[in-house]
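These notes concern the structure reproduced below.
The values are calculated or read from the model by the stated rules, or taken from the named source; none is laboratory data. All values derive from a computational prediction rather than experimental measurement. We place every Cβ from the backbone using ideal geometry, glycine too, and count neighbours over all the protein chains shown. Remember, those area values only see protein heavy atoms, side chains included, never the ligands or the DNA or RNA. Shrake-Rupley method; radii C 1.70, N 1.55, O 1.52, S 1.80 Å.
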Number of protein chains: 4
Amino acid sequence: MKLRVRSELVYRFDPPTDAIYQIKVAHWPGQAVEDETLTVTPHVDFHEDENTEFGARTLRARLEGEVSVVYEATVDNGILKGLPPVTVQHDWNDLPAEVLTYLWPSRYCPSDQFGRFVEREFGDTTGGERVLAILKWISDNIDYERGVSDSETTAARTFIDRAGVCRDFTHLGITLCRASGIPARAVSAYAYQLTPPDFHAIFEIWLSNGWWLVDPTGLAPIEGLVRIACGRDAADIAFLSTQGSCELVRQSITAEAV
Amino acid sequence: MKLRVRSELVYRFDPPTDAIYQIKVAHWPGQAVEDETLTVTPHVDFHEDENTEFGARTLRARLEGEVSVVYEATVDNGILKGLPPVTVQHDWNDLPAEVLTYLWPSRYCPSDQFGRFVEREFGDTTGGERVLAILKWISDNIDYERGVSDSETTAARTFIDRAGVCRDFTHLGITLCRASGIPARAVSAYAYQLTPPDFHAIFEIWLSNGWWLVDPTGLAPIEGLVRIACGRDAADIAFLSTQGSCELVRQSITAEAV
Amino acid sequence: MKLRVRSELVYRFDPPTDAIYQIKVAHWPGQAVEDETLTVTPHVDFHEDENTEFGARTLRARLEGEVSVVYEATVDNGILKGLPPVTVQHDWNDLPAEVLTYLWPSRYCPSDQFGRFVEREFGDTTGGERVLAILKWISDNIDYERGVSDSETTAARTFIDRAGVCRDFTHLGITLCRASGIPARAVSAYAYQLTPPDFHAIFEIWLSNGWWLVDPTGLAPIEGLVRIACGRDAADIAFLSTQGSCELVRQSITAEAV
Amino acid sequence: MKLRVRSELVYRFDPPTDAIYQIKVAHWPGQAVEDETLTVTPHVDFHEDENTEFGARTLRARLEGEVSVVYEATVDNGILKGLPPVTVQHDWNDLPAEVLTYLWPSRYCPSDQFGRFVEREFGDTTGGERVLAILKWISDNIDYERGVSDSETTAARTFIDRAGVCRDFTHLGITLCRASGIPARAVSAYAYQLTPPDFHAIFEIWLSNGWWLVDPTGLAPIEGLVRIACGRDAADIAFLSTQGSCELVRQSITAEAV
């Protein structure tokens, strides 16, 4: 699917502080960036890196005062397909070495505490069926609601709260998959038809020798997702990290079909 | 310093389960493995991987019944030096991209909660001086004591408990460094003169364009540390991970000067 | 039902420490203590108090060395009935003032976090039906299993762990009832036919203008419960509290029909 | 000291909900209410109770729409004195039975986790000296700052955050006192010269056979405190509790010398 994505981030940095943006579309197999522009006002020389594993591209600079960052890109995200139930789960021994780390618990995903729950609730499933059962459970049991969670909310707390936003749904999904022995990691994305438009947090699991994207909120069609960054959980994929405080002035994100 | 390290791990796996060992000495600049042997009884064909970033080597297999794994190596760990106070801290923008991830919080190191504490307690220091001040604070305030912590204990809890083992000291040290804007990561090691002999957990920080090893427990001399694995926290560097349960039969670790 | 209850607690207090026992059968309407004896070896002059609200009786003394406390009583616990679904829940305004405190969260019962869960899961019930639905949910979702929880485990953690002992079942039951607007409090008891024999933790809720005892574990018949102490949660009803540490030598508890 | 206290609470209750106010000055030895008026608009018939232990007075009713509650009283709070260092700490055995409950942990005061910290930090003090050392530690280490804590913040978290408001200071003070074997409980109050004017949360400890009020924030002079309610922690002393949600319209609290 071909999409035109755009993010406009206007923040005030006072006092000056180092900042890291992760807003550029990832270089990832099957996802082609046809053109892109980055407009920064006032001018800033960003230091840009590309992660060799995820193709995520980070922009870093020391920022001062009000800075507007506008990123636009035309992307063909290829053919993204929903997770089929027939995908199989691999034993630890059959996983690529670089995938193992996504089995372990992380800051917002204490999967080590959920072994008994997943066994009780999803014990008769494995692989794609297990993940689809987890997604159905999340959909049946968690409300999409702003104001319940904050930047410190873990999946353990969302499991109790029964409500949260895309970030919380994703943390809970990752947690239940890892507790099931399925590698899972967080992905940030532009998302077609997401309402209201915003950056989206989704996750992907390793099954049948590949990563499969899923959206635990069900808010955006899978074929309209455009990858940005990737990591263990929200700690790795923030669209903006700053060493000191910063103040939101204005922000808008869009993703439209071309 | 030249050392002879040895670990003997005898565990019972019943029912059979996938297991991952991280016990081999790392391939790491300045650390030379002169010879090594791995003896597994009964015979097991391990799948071995070497991490391209850390040089950590993992052994994986499905194990059944009682399995004895004996690893022996002669290592020259080069010249390890204590952290000098003059080492400098880099701005985010001056860090190598692959180091950034060690600034973020992880499962056992919720550094996002300690910003005010480090500013209050260590606010007049930076770089090597900050790290040395953190190590002194840990030494002054935390007791080395078994039985206080368990496999779920985070640095936040150790900060309250005021006691723990090497793993807990390391998590707290990493947490306070990351909260100070200093990249920090966990390292597992063989340690000369550690009493009682065991695997050791230490950490390293990125200062003056390099990683510096420190031992927050002060139990082993820095020049006698031999690296095994490395990662965000204990979730990444376990010497033995298993999908199911396993039972300790017998275990011994030694590190002697040659 | 007439019962003969007995507890023998032998502990070693070294160094000497203040201790509080709550093992005597409560003076409570409908529960008649026909005879009782307390044998302490070596002799100790306990300071005894009776709580005016619960009829719980506490024994206090400074203890030193090995102390054996044997308590025996013959009790007619009256006619205890299971909770009928027709019992009604009162509005806050219709509750006795002294009952209000059992609506609020306590150390092990963070009921303030479970409002959305109880509404989602039990929203179509109220009063006795709500409590019975909660008890059924606990029975369906929590395993009775030793070794999962410890003395710090809260209901929030048991909700995730899906396993625990009578104390944990009781904390979770209290939490879900309070979150439902139903006053609930912890009760310690001797329990007929409990296997293995031990002190039991149960709880009671205020419905239809009275307290109703329920056993969330289902391990003991309601008619065989003999009340000892009562309070907000396990912090209030411990059978033995000590200021310093103490060491268990031997303990046995029995409750037999006469 | 003679004071004129006044609180005006205007809230909107939509949909209707049960509410409990604790705003009336307590009936407490040494504290004399010379006159008081309660003006509720529109008229509401409150159900009023007086707690026999604390003299706290609760007002309960089902409320609907916008309700204004204005309470005014002239109070002579007697002669409140700061805690003298010579006050002595009692062994458990020498405490009145009704005081024991304030030794145990509660929702926001997990004193069971702080035994090692108080021993390390305050180990050479006892009684009034211990409490004064705790108050000094809080004053030296915790910042008074809004926005750091919320209604779920426990003393464990404030200990890490190093910042909070009067409620958090009080929870931390109570926690460290209970961990020291000193009974401690939360008190809500009108406070002379508190800036900005608001309800105040303080605590009291049991030493030398009596309760002594202390203000861990140091924001109000001890002689200008007027007691309202009392309990284990904030769960018991809220000035307004509601079963459903309610919306603040306007609120002002004053305490002036007469």
- Task: Scan around residue B:68 for amide H atoms under 5 Å from its own, H built in the peptide plane at 1.01 Å from N, and keep only partners 5 or more places away or cross-chain.
- Result: B:41
- Task: Work out from phi, with θ = phi - 60° and the Karplus expression 6.51 cos²θ - 1.76 cosθ + 1.60, the ³J(HN,Hα) of each residue of the range D:110-126, listed in order in whole Hz, and give x for Gly and Pro.
- Result: x, 5, 4, 9, 10, x, 5, 5, 5, 5, 5, 8, 10, x, 9, 10, 8
- Message: Let me check against my output: what whole-number percent is the relative contact order of the range D:184-236, with C-alpha pairs under 8 Å and at least 6 apart?
- Response: 45 percent
- Charged-residue dipole, Cβ positions (Lys, Arg, Asp, Glu), the range B:38-137 about Cα centre, Debye nearest 20: 380 debye
- Message: Place a point 7 Å from the Cα of residue A:136 along the Cα-to-Cβ direction; which residues of the range A:108-123 have their backbone N under 20 Å from it?
- Response: A:117-123
- Message: How large a share of the accessible area of the range C:45-188, in percent, is made up of carbon and sulfur atoms when the probe is 1.4 Å and the other protein chains stay in place?
- Response: 46 percent
- Query: What are the trypsin sites (Lys or Arg not before Pro) within the range A:1-87 that DSSP puts in a loop, where the Cβ has at most 13 other Cβ atoms within 10 Å?
  - Reply: A:81
- Projected onto the charge dipole of the range B:138-196 (+1 at Lys/Arg Cβ, -1 at Asp/Glu Cβ, origin at the Cα centre), which of B:174, B:184, B:144 gives the Cα projection farthest towards the positive end? B:184
- Message: Using a label point 7 Å beyond Cα on the Cα-Cβ vector, give me the inter-copy distances for residue D:8 in nanometres, one decimal, shortest first.
- Response: 4.4, 7.1, 8.2
- Query: How many angstrom separate the Cα center of the range D:219-258 from the Cα center of the range D:147-162?
  - Reply: 19 Å
- Query: In percent, what relative contact order does chain B have, based on Cα pairs under 8 Å that are 6 or more apart in sequence?
  - Reply: 29 percent
- Any idea of the accessible area per residue across chain D, 1.4 Å probe, to the nearest Å²? 38 Å²
- Item | Per residue Cα convex hull volume in Å³ - calculated over the range B:1-55 | 105 Å³
- Task: For residue B:256, put the label point 7 Å out on the Cα→Cβ axis and report which residues of the range B:6-47 keep their amide N under 12 Å from it.
- Result: B:6
- Where the label is 7 Å out from Cα toward Cβ, how close does residue D:36 come to the same position in every other copy, in nm, shortest first? 3.8, 6.6, 7.5
- Task: Just need the Rg to Rh number for chain D, please, alpha carbons only, Kirkwood Rh.
- Result: 0.97
- Message: Using Cα-Cα distances under 8 Å and only pairs 6 or more residues apart, what relative contact order does the range A:108-228 have, in percent?
- Response: 24 percent
- Query: Given charges of +1 on the Cβ of Lys and Arg and -1 on the Cβ of Asp and Glu, with all other atoms neutral, how large is the dipole of chain A about its Cα centre, in debye to the nearest 20?
  - Reply: 340 debye
- Task: Please get the size of the charge dipole for the protein assembly as shown, origin at its Cα centre, with Cβ charges of +1 on Lys and Arg and -1 on Asp and Glu, quoted in debye to the nearest 20.
- Result: 0 debye
- Here the tail fraction of P(r) beyond 58 Å, over all Cα-Cα pairs of the protein assembly as shown, rounds in percent to 14 percent
- Task: List the residue from chain B whose beta-carbon is nearest to the axis that rotates chain B onto chain C, together with that distance in whole Å.
- Result: B:150, 4
- Could you give the nm distance between label points at residue B:248 and residue C:37, where each point is 7 Å from its Cα heading toward the beta carbon? 4.7 nm
- Task: Apply the Karplus parameterisation 6.51 cos²θ - 1.76 cosθ + 1.60, with θ equal to phi minus 60°, to every residue of the range B:85-92 and state each ³J(HN,Hα) to the nearest whole Hz, in sequence, with x for glycine and proline.
- Result: x, 7, 4, 9, 8, 9, 5, 3
- The distance between the Cα centres of the range B:1-37 and the range A:46-96, in whole Å, is 34 Å
- Chain-alone versus full-assembly comparison, the range D:102-125, residues with accessible loss of at least 30 Å² (1.4 Å probe): D:104, D:105, D:107, D:112, D:113, D:116, D:117, D:120
- Query: So, by mean Cβ neighbours within 10 angstrom, what's the order for A:152-161, C:30-39 with the highest one leading?
  - Reply: A:152-161, C:30-39
- Computed E for residue A:151/residue A:101 - FRET, C-beta separation, R0 25 angstrom, nearest 0.05: 0.65
- Message: Residue by residue through the range B:28-41, what is 3J(HN,Hα) from phi via Karplus (6.51 cos²θ - 1.76 cosθ + 1.60, θ = phi - 60°)? Round to whole Hz and write x for glycine and proline.
- Response: 8, x, x, 10, 10, 8, 7, 7, 7, 9, 10, 10, 10, 10
- Cleavage-rule hits (chymotrypsin sites (Phe, Trp or Tyr not before Pro)) in the range C:85-152: DSSP loop, at most 16 neighbouring Cβ within 10 angstrom: none
- Item | Overall dimensions of the range A:181-255 as given by Cα atoms, namely Rg and Dmax in Å | 13.7, 44
- residue B:17/residue A:88 FRET efficiency (R0 22 Å; Cβ-Cβ; nearest 0.05): 0.75
- Charge-dipole axis of chain D as Lys and Arg at +1 and Asp and Glu at -1 on Cβ define it, positive-most pick from D:83, D:249, D:20: D:83
- Here the correct list, in nm and shortest first, of distances from residue A:123 to the same site in the other copies, label points 7 Å along Cα→Cβ, is 2.9, 4.8, 5.4
- Solvent exposure ordering (accessible area, 1.4 Å, most first) of D:203, B:46: B:46, D:203
- Message: Compute the angle between helix C:127-141 and the longest alpha-carbon principal axis of chain C, please, reported from 0 to 90 degrees and rounded to the nearest 10.
- Response: 70 degrees
- Give the residue from B:134, B:100, B:68 lying farthest towards the positive end of the charge dipole for the range B:63-143; charges sit on Cβ (+1 for Lys and Arg, -1 for Asp and Glu) and the dipole is referred to the Cα centre. B:134
- Message: Principal axis extents for the range A:92-236, Cα atoms only, whole Å, descending order, please.
- Response: 42, 30, 26
- How far, in degrees from 0 to 90, does helix D:166-179 lean away from the longest principal axis of the Cα atoms of chain D, to the nearest 10? 40 degrees
